[in-house]
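Remarks on the structure that follows.
Please treat every number below as a calculation from the coordinates, not as lab data. In this text the structure is predicted, and so the values were computed from the model without any measurement. Here the Cβ positions follow ideal geometry from the backbone for every residue, glycine too, while neighbour counts run over all protein chains shown.
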Amino acid sequence: MTGVLLVALGAGLGAPTRYLVDRAVQARHETVMPWGTLTVNLAGALLLGFLTGLDAPREAVLAVGVGFCGALTTFSTFAFETLRLWQTGARRAAALNVVLALALGLGAAVVGHLVGAAL
């Protein structure tokens, strides 16, 4: 299977997963914080870190890393939601969103990598 097909296959699963997880998480919270986007971004960072820790084969990196994680995670939505929070006066929530996304995202990637490398 070619690289493009592997990426497309992974992305075809990652994008609907992102949408469904985001909606399920947001439906459980009555706050302005974009918890759904944070959840999918952290899950993607953890999974990609795990994949790199495993030293996975090229095909797995293409399908899961580039395709699935690429479609699951979303920097553009994170940036838009943070800007929207800031513009509507929810400046503390905007700052918290940035801090949580960066700190927890990096932490998730490191933990995933360490777990993958340990296997």
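Across the stretch 53-96, the qualifying residues are those that are surrounded by fewer than 21 Cβ atoms within 10 Å (Cβ to Cβ) and among the charged types (D, E, K, R), and the one among them that is nearest to Asp22 (Cα to Cα) is Arg84.
The condition of being free of Cβ contacts under 8 Å to residues at least 24 places away in the same chain and either closer than 21 Å to Leu104 by Cα or over 15 Å from the mean Cα position of the chain (by Cα) (or both) does not hold for Arg18. When you scan the stretch 50-63, do you find a residue that is in contact with a helix residue (DSSP H, G or I) (Cβ under 7 Å, 6 or more places away or on another chain) and among the basic types (Lys, Arg), even just one? The answer is no; no qualifying residue exists. A search for C-beta distances below 6 Å between a residue of the stretch 35-61 that is more than 18 Å from Val110 (Cβ to Cβ) and any residue that is of a type in the set (S, T, N, Q), counting only pairs 6+ apart in sequence or on different chains, returns Gly36/Gln26; Thr37/Thr77. Here is a list: Leu51, Leu85. Which entry is assigned to a helix (DSSP H, G or I), out of contact with any His (no Cβ under 7 Å at 6 or more places or on another chain) and under 21 Å from Val115 (Cβ atoms)? Testing whether each residue is assigned to a helix (DSSP H, G or I), out of contact with any His (no Cβ under 7 Å at 6 or more places or on another chain) and under 21 Å from Val115 (Cβ atoms) leaves just Leu51.
In the list Gly107, Gly70, which residue meets the criterion of being over 20 Å from Arg28 (Cβ atoms) and in contact (Cβ under 8 Å) with a residue 40 or more places away in the chain? Give the steps one after another, and end with the answer.
Details: Gly107 fails: in contact (Cβ under 8 Å) with a residue 40 or more places away in the chain.
Sole residue among the options that is over 20 Å from Arg28 (Cβ atoms) and in contact (Cβ under 8 Å) with a residue 40 or more places away in the chain: Gly70.
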